[in-house]
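Take a look at the following structure, please.
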Amino acid sequence: MIIMQEKQLQEHADILALDEKGNLYIFELKRWGAKQENLLQVLRYGQIFGQYSYDKLNDLYMDYTKQNSNLQDSHYKYFSDSLVEALKISDFNRTQNFIVITDGADLETLNAIKYWKDLGIKIESLPYRIFEIGNKYLFEFNKYNPKNDIILDINTSNHIVNTNIKYSNIQYKEMLNENKAAAYYDKKTTISKIQKGDEVFLYQTGLGVIAYGKVKSNCKMKDIENDKNEEYYVEVDYKWKINPDTEKEKAVGAWEINSSLGINHSFRGTRFLISDQMAKEIKKIAATK
């Protein structure tokens, strides 16, 4: 239930809303990619509005709606399907929830969200994408999920590609020897997201980054024995690569990357995007090996 929308020249969140329990939701809407500063802004709004008494929330609501009905009565009417009786005044604004809505999210933002959530702050990032189909515009919203291969659209062209060592002790050698990055069977189509001119970092689970370079081709297909087109790959001009069997100490470990950036990123997924900052840091560490 919306109780206020942003007013010009006032330090207000874009949207304030309540759920049926009277908990406050603070929405910050951005028309550009997410940055950590967005989180600090919405948390500042939490500092301001989280201290609001019922009377102050009621004043906001009355000013916003220009109606005579107070917040308590309007809230009960709005949630009449789930409430037996109106909430007590003391039940309003007991907890605050933060929602940052942006057209994409960078890796640092996602890790900042994880940090605040681990501390008990109720905060979510809702990146959106817009699709035009015919004469209609459709919005897709996705909450961050580290188990997804494609986490979300980060504004970057740096890709981590897993070497599939968990399932094959041959394919990582092919990627290095044939200068390519590949995925197979039900995970194969994720490679089609990589474009010529992008940068690829090969990641070996349990070891770290073992190669990086510029992509020379768009996605190609290849048979795996009698299975037609079950390998998708891109050709890569590797500027740096190691032999993971004989040069394990030269791999850029996940712990090194996280330690250097002060984050706790999980390197899961067949292919996923990383920020320019992380790509730069991986190259910097690799140069010291």
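Determine whether segment 49-56 contains at least one residue that is part of a helix (DSSP H, G or I), at pLDDT below 80, buried (at least 18 other Cβ atoms within 10 Å of the Cβ) and under 31 Å from the mean Cα position of the chain (by Cα).
Let us first name the residues in segment 49-56 that are part of a helix (DSSP H, G or I), namely 49, 54-56.
With the extra rule that they be at pLDDT below 80, the set shrinks to none.
No: segment 49-56 contains no residue that is part of a helix (DSSP H, G or I), at pLDDT below 80, buried (at least 18 other Cβ atoms within 10 Å of the Cβ) and under 31 Å from the mean Cα position of the chain (by Cα).
Looking only at segment 205-251, count every residue that is touching a residue at least 40 places away in the same chain (Cβ under 8 Å), among the small types (Gly, Ala, Ser) and in contact with a strand residue (DSSP E or B) (Cβ under 6 Å, 6 or more places away or on another chain) and tell me the total.
Counting residues in segment 205-251 that are touching a residue at least 40 places away in the same chain (Cβ under 8 Å), among the small types (Gly, Ala, Ser) and in contact with a strand residue (DSSP E or B) (Cβ under 6 Å, 6 or more places away or on another chain) gives 2.
Within segment 75-89, work out how many residues are assigned to a helix (DSSP H, G or I) and in contact (Cβ under 8 Å) with a residue 24 or more places away in the chain. I'd like the intermediate steps shown before the answer.
Residues of segment 75-89 that are assigned to a helix (DSSP H, G or I), as a first pass: 75-78, 89.
Still in the list and also in contact (Cβ under 8 Å) with a residue 24 or more places away in the chain: 75, 78, 89.
Result for segment 75-89: 3.
Residue-wise test of (1) within 28 Å of the chain's Cα centre (by Cα); (2) at pLDDT 90 or above.
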residue: LEU18; (1), (2): yes, yes
residue: TYR25; (1), (2): yes, yes
residue: LEU40; (1), (2): yes, no
residue: LYS77; (1), (2): no, yes
residue: SER82; (1), (2): no, no
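The values are calculated or read from the model by the stated rules, or taken from the named source; none is laboratory data. Not measured: the values here are computed from a predicted model. Note: ideal-geometry Cβ built from the backbone for every residue, glycine included; neighbour counts use all protein chains shown.
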